[in-house]
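The values are calculated or read from the model by the stated rules, or taken from the named source; none is laboratory data. On a predicted model such as this, the values are computed, not experimentally measured, just so you know. Using ideal geometry, Cβ is built from the backbone for each residue, glycine included, and neighbour counts are taken over all protein chains shown. Note: accessible area is taken over every heavy atom of the protein model, side chains too, but ligands, DNA and RNA are not part of it. Shrake-Rupley method; radii C 1.70, N 1.55, O 1.52, S 1.80 Å.
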Amino acid sequence: MELFPLACLTVTINAALGGPGDIESAAYLSAYDPTNLCLNYLGDSAISGLGTTVPNVQYSFVVPAQSDFVVVVNTIGTTNSSQFSGTVSGFFDVTPGSGPCP
């Protein structure tokens, strides 16, 4: 039996400060359903103030081999936010051990 590695992915969101509303981000396995935020949930930014008082955040999650994931970024309480950018890194991890994410 051949084992496929898990991928420990890290999302980084960088935001300009002073925006009118906080920015949040979450990751989902395969698909995102805005009517059921728990469905396919993998992880989120778990921070208040991103884009208003906090300039950046990172969070990680594990994705099974040969799987799709969706990263969602949205504002809280307003339709406007400061400018932001994001990256996803860590697409492969074949390191033996207890798991790919620390």
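Answer with a single label: of [x] 48, 42, 27; [y] 43, 31, 23; [z] 53, 28, 18, which was calculated as Cα extents along the principal axes in Å from the structure in view?
[z]
Measuring from label point to label point, each 7 Å out along Cα→Cβ, what is the residue 46 to residue 60 span in nm?
Distance between the two pseudo-spin positions: 1.2 nm.
If DNA, RNA and ligands are ignored and the probe is 1.4 Å, what is the ranking of 42, 17, 50 by accessible area, most exposed first?
Reading off the accessible areas and sorting them downward yields 17, 42, 50.
Going highest first, how would you order 53-64, 72-83 by mean Cβ packing within 10 Å?
Answer by packing, highest mean first, reads 53-64, 72-83.
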